[in-house]
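The values are calculated or read from the model by the stated rules, or taken from the named source; none is laboratory data. As the structure is a prediction and not an experimental result, all values here were calculated from the model. Please note: Cβ atoms are built from the backbone with ideal geometry, for glycine as well, and neighbour counts cover all protein chains shown. Just so you know, the surface numbers come from the protein's heavy atoms only, side chains and all, with ligands and any DNA or RNA stripped out. Shrake-Rupley method; radii C 1.70, N 1.55, O 1.52, S 1.80 Å.
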Amino acid sequence: MADTIKITTLDNGLFLVMGAVTLTDAEGQLFHPERELIALCRCGTFTNRPFCDGTHAKIGFQSSERVV
Ligand code: FES
């Protein structure tokens, strides 16, 4: 069985991706292929696309989805 990839939505913040993933842009260019822990922006106000740079805290982004 392949290693499990875990993606967690953090309250009022980012997507935390844990595991060996390959992240590419629309043209297939790799972002940080060697990392196994990455933070992806969920608030849409990032300046370091597609990664979270902490801006969500400054703008008061709010979101706390739960499984229903
Ligand atoms: S979620 Fe952190 S900058 Fe968007």
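Under a model in which nothing but the beta-carbon of Lys, Arg (+1) and Asp, Glu (-1) is charged, the chain shows a dipole of about 240 debye around its Cα centre.
Out of every Cα-Cα pair in the range 6-59, what percent are more than 18 Å apart?
32 percent
Rounded to the nearest 500, the 222 nm mean residue ellipticity of the chain from helices alone is -1500 deg cm²/dmol, with -39,500 (n - 2.57) taken per DSSP H run of at least 4 residues.
Are there trypsin sites (Lys or Arg not before Pro) in the range 1-60 that DSSP marks as loop and that have at most 12 other Cβ atoms within 10 Å, and which are they?
Passing sites in the range 1-60 are 35.
In percent, how large is the relative contact order of the range 6-59, given Cα pairs closer than 8 Å and 6 or more residues apart? If you can, show how the numbers build up before the last one.
Values: 81 pairs, mean separation 16.6, N = 54.
Relative contact order here is 31 percent.
The residues neighbouring residue 42, those whose beta-carbon lies less than 11 Å from its own, together hold a net charge of -2 under the Lys/Arg +1, Asp/Glu -1 convention.
For the chain, what does the accessible surface come to per residue with a 1.4 Å probe? Please give it in Å². Walk me through the numbers before you get to the answer.
Working: 5070 Å² over 68 residues.
Per residue, the chain has 75 Å² of solvent-accessible surface.
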